[in-house]
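This report concerns only the one structure given below.
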Amino acid sequence: QVPLVESGGGLVQAGGSLRLSCAASERVFSSYTIGWIRQAPGKERTFVAALTWTGGSSDYADSVKGRFTLSRETAKRTVYLQMNDLKPEDTAVYYCAATVKYLTTDVDEYDYWGQGTQVTVSS
């Protein structure tokens with residue numbers, strides 16, 4: 001079973017919204033913190049947000065606080081990233097990833113990665 005599968009990317013105008021989904025395997029969903037990490041063209045991967053396997057704790061990059069929100073749906077083993085008030089600088093490939101660490105912003109500590117989904121925000 002593939003550990004993580006993302007969906008929901010697309011093209012949106014600045015100020016618009018998108019919701020990304022990350023469907024996880026049962027083992028990953030119940031035991032790993034799931035995070036979102038993005039990579040803009042020509043840049044390194046950067047942490048966006050993460051949610052613990054209990055759903056009780058979360059962390060966000062300063063650049064997305066107040067605009068992005070994580071949630072989870074247990075029945076679907078899915079973590080969502082609701083992105084509002086999108087800006088052109090949010091344009092990137094967004095990866096869903098999982099780590100055994102409780103909460104970490106270090107992208108190198110994520111063990112499993114999805115295939116990525118493109119988010120493009122036009123000005």
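Pairs, please: C-beta under 6 Å, at least 6 apart or cross-chain, first residue closer than 16 Å to THR117 by Cα and in segment 24-36, second of a type in the set (Gly, Ala, Ser)?
Cβ pairs passing all conditions: ILE34/ALA98; GLY35/ALA50; GLY35/ALA97; TRP36/ALA49.
Given the residues ASP85, ASP62, which is the only one that is over 12 Å from the mean Cα position of the chain (by Cα), on the phi > 0 side of the Ramachandran plot and either in a loop (DSSP other than H, G, I, E, B) or aromatic (Phe, Trp, Tyr) (or both)?
ASP85
If you go through segment 88-107, how many residues are modelled with pLDDT of 95 or more, more than 16 Å from GLY8 (Cβ to Cβ) and under 15 Å from the mean Cα position of the chain (by Cα)?
Of the residues in segment 88-107, 6 are modelled with pLDDT of 95 or more, more than 16 Å from GLY8 (Cβ to Cβ) and under 15 Å from the mean Cα position of the chain (by Cα).
Could you please give the count of residues in segment 71-94 that are surrounded by fewer than 23 Cβ atoms within 10 Å (Cβ to Cβ) and within 19 Å of PRO41 (Cβ to Cβ)?
Here the count works out to 8.
Is segment 28-50 home to any residue that is open to solvent by 30 Å² or more (accessible area, probe 1.4 Å), of a type in the set (Asp, Glu) and assigned to a loop (DSSP other than H, G, I, E, B)?
Within segment 28-50, one or more residues are open to solvent by 30 Å² or more (accessible area, probe 1.4 Å), of a type in the set (Asp, Glu) and assigned to a loop (DSSP other than H, G, I, E, B).
Take THR120 and decide whether it is open to solvent by 60 Å² or more (accessible area, probe 1.4 Å), among the hydroxyl-bearing types (Ser, Thr, Tyr) and modelled with pLDDT of 95 or more.
Answer is no for this residue.
The values are calculated or read from the model by the stated rules, or taken from the named source; none is laboratory data. Quantities reported herein were computed from a predicted structural model and do not represent experimental measurements. Counting neighbours? That spans all protein chains shown, and the Cβs are built from the backbone with ideal geometry, glycine included. Each accessible area value is taken on the protein alone, full model and side chains, heavy atoms only, with ligands, DNA and RNA left out. Shrake-Rupley method; radii C 1.70, N 1.55, O 1.52, S 1.80 Å.
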